[in-house]
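Peer 1: There's a structure below that I have some questions on.
The values are calculated or read from the model by the stated rules, or taken from the named source; none is laboratory data. Just so you know, these numbers come straight off a predicted model, no measurement behind them. Positions of Cβ are backbone-derived with ideal geometry, glycine not excepted, and every protein chain shown enters the neighbour counts. Just so you know, the surface numbers come from the protein's heavy atoms only, side chains and all, with ligands and any DNA or RNA stripped out. Shrake-Rupley method; radii C 1.70, N 1.55, O 1.52, S 1.80 Å.
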Amino acid sequence: MNKIFDNTQNAFSLKSDTELERAYFLFKLIDSEPLVKIGTAVTNFALKAHLPVEGLIRATVFDHFCGGVSEDDCIPVVDKMYNVGGVSSVLDYSVEGKEDESAFDDAMNKTLKIINFAKEKKAIPFAVFKPTGFGRFELYEKLGEGKTLNEAEQIEWNRVVERFDRVCKAAHENDIALLIDGEESWMQDAADDLVADMMRKYNKEKAIVYNTLQMYRWDRLDYLKKLHAQAQQEGFHIGMKLVRGAYMEKENKRAEERGYKSPICPSKQATDYNFDDAVTYMMEHIETMAIFAGTHNENSSYKLIELMSHNGIAKNDFRVWFGQLYGMSDNISFNLAAEGYNVAKYLPFGPVKDVMPYLIRRAEENTSVAGQTSRELTLIKRERDRRKGKN
Ligand SMILES: Cc1cc2nc3c(=O)[nH]c(=O)nc-3n(C[C@H](O)[C@H](O)[C@H](O)COP(=O)(O)OP(=O)(O)OC[C@H]3O[C@@H](n4cnc5c(N)ncnc54)[C@H](O)[C@@H]3O)c2cc1C
């Protein structure tokens, strides 16, 4: 297959020389594991102590990985990506770890607002939310373990269900697809049941509600097949975001501490095969499914291109989307869009201190592994050289 992702000119066409230099500097910084560890600790401390570090965070990691503090801040970025590169956006309210009812209502209202935005803007084809943005982690966990909720908890859970229902209903009424993120396995069962109920209700004509399958879990293909059997019987479509999964260390650690079998595949290669198998399965049943492939892996992206062509699926078929995170893998996003595929980037936003957990995950993911320069840094270096006429 033609290696379309090597074109760094397309990839960085939105970045001026200065922006490219800033990105180079940033990835150079987070390339070093000790520096990321120290930086994370110092930043967390400084934020807790109310030291004036927000400006520094904004000028470095925040502006690279986020669209702004509010959804309105994101609009210039949304427009630029769409108008120049043909790449859509998924506005992602990335505030994490808030555990009170008013924060859950806020998150729901943000999602409703984004559904409204999306209705008006072709460049925003999806809305998204996190299950634990709408309700307390412990409730999901307790339900997932098959425990009975006490009366107060049941009332609280009813509110979670209501929040899910309100956003899914609004998405359905406005014909906007809605992605629901995947989180830790010990809360996911309860979320899965709830999302499946939403699919039953709102995916009768096509996929509006999308759950997430984290393919680093060895049980997810079976889950997809079981859900598919139910969908066939009951007559609903399945929407799925496929990812590898972001909580591997946490999952393995908990399993080891508590002495149960880890839900994570035994190796990276096993995760890769599992991811490909799920993509293949969905492509083979695309008449009642829709897929959002959330990955920065070039091979997985090439594989999906191949499967689309093999199954006679048009590049811009509304049931197949490629997704990357803002600030990462522009070589995949912009080259795919240039070829006519549907591409959307998650564009996180929120107050600086509240999106820190998200930013720390991005920094950790971009530190070099076994001395190898990180993927992003390699690409940026190549583009710098190209602009300087070195290749
Ligand atoms: C648009 C988008 C949306 C996302 N949404 C979510 C979400 O809702 N929930 C979520 O959890 N994550 C989400 N992610 C993050 C995603 O799960 C991955 O962490 C990230 O994309 C890196 O995986 P990759 O497919 O890009 O490729 P790669 O870099 O090829 O894969 C890295 C991944 O492989 C897996 N892996 C690595 N080593 C091993 C090993 N030894 N054994 C088994 N598996 C291994 C891990 O999952 C690791 O993150 C999202 C990513 C994108 C791009």
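Peer 1: Between a residue in region 26-39 that is over 14 Å from Val61 (Cα atoms) and any residue that is modelled with pLDDT under 85, which pairs come within a Cβ distance under 6 Å, given they are 6 or more apart or on different chains?
Peer 2: Glu33/Thr367
Peer 1: Okay, moving on. Which of the residues that make up region 40-71 are of a type outside the set (A, V, I, L, M, F, W, C) and within 20 Å of the chain's Cα centre (by Cα)? Let's see the steps before the verdict.
Peer 2: Initially, region 40-71 is screened for residues of a type outside the set (A, V, I, L, M, F, W, C), giving 40, 43-44, 48, 50, 52, 54-55, 58, 60, 63-64, 67-68, 70-71.
Residues satisfying the conditions are Asp63, His64, Gly67, Gly68, Ser70, Glu71.
Peer 1: Report yes if Lys315 is farther than 22 Å from Ala107 by Cα, away from the ligand (no atom under 16 Å from the Cβ), touching a Phe, Trp or Tyr at 6+ places or on another chain (Cβ under 7 Å) and without any contact (Cβ under 8 Å) to a residue 60 or more places away in the chain, otherwise no.
Peer 2: Here the answer is yes, as Lys315 does meet what is asked.
Peer 1: Same structure, new question: Would you confirm whether or not region 249-262 contains a residue that is buried (at least 19 other Cβ atoms within 10 Å of the Cβ) and more than 15 Å from the ligand (Cβ to nearest atom)?
Peer 2: At the first step, the residues of region 249-262 found to be buried (at least 19 other Cβ atoms within 10 Å of the Cβ) are 251.
From the residues that got through so far, the ones that are more than 15 Å from the ligand (Cβ to nearest atom) too are none.
No, every residue in region 249-262 fails to be buried (at least 19 other Cβ atoms within 10 Å of the Cβ) and more than 15 Å from the ligand (Cβ to nearest atom).
Peer 1: Could you please let me know if Ala123 is surrounded by 18 or more Cβ atoms within 10 Å (Cβ to Cβ), part of a loop (DSSP other than H, G, I, E, B) and modelled with pLDDT of 95 or more?
Peer 2: Details: surrounded by 18 or more Cβ atoms within 10 Å (Cβ to Cβ): yes; part of a loop (DSSP other than H, G, I, E, B): yes; modelled with pLDDT of 95 or more: yes.
For Ala123, the condition - surrounded by 18 or more Cβ atoms within 10 Å (Cβ to Cβ), part of a loop (DSSP other than H, G, I, E, B) and modelled with pLDDT of 95 or more - is met.
Peer 1: What are the pairs, 6+ residues apart or on separate chains, where a residue within region 342-358 that is of a type in the set (Asp, Glu) has its Cβ under 6 Å from a residue that is surrounded by fewer than 24 Cβ atoms within 10 Å (Cβ to Cβ)?
Peer 2: Asp354/Val95
Peer 1: Given the conditions (1) more than 19 Å from Lys345 (Cβ to Cβ); (2) within 12 Å of the ligand (Cβ to nearest atom); (3) in contact with a strand residue (DSSP E or B) (Cβ under 6 Å, 6 or more places away or on another chain), report the number of the one that Phe275 does not fulfil.
Peer 2: (3)
Peer 1: Which one is least open to solvent (accessible area, probe 1.4 Å) among residues in region 20-51 that are in a loop (DSSP other than H, G, I, E, B) and among the hydrophobic types (A, V, I, L, M, F, W, C)? First the steps, then the outcome.
Peer 2: Start the filter on region 20-51 by keeping residues that are in a loop (DSSP other than H, G, I, E, B), which leaves 31-32, 49-51.
If we keep only those that are among the hydrophobic types (A, V, I, L, M, F, W, C) too, we end up with 49, 51.
Numbers: Ala49: 48, Leu51: 83 Å².
Looking at the filtered set, the residue picked out is Ala49.
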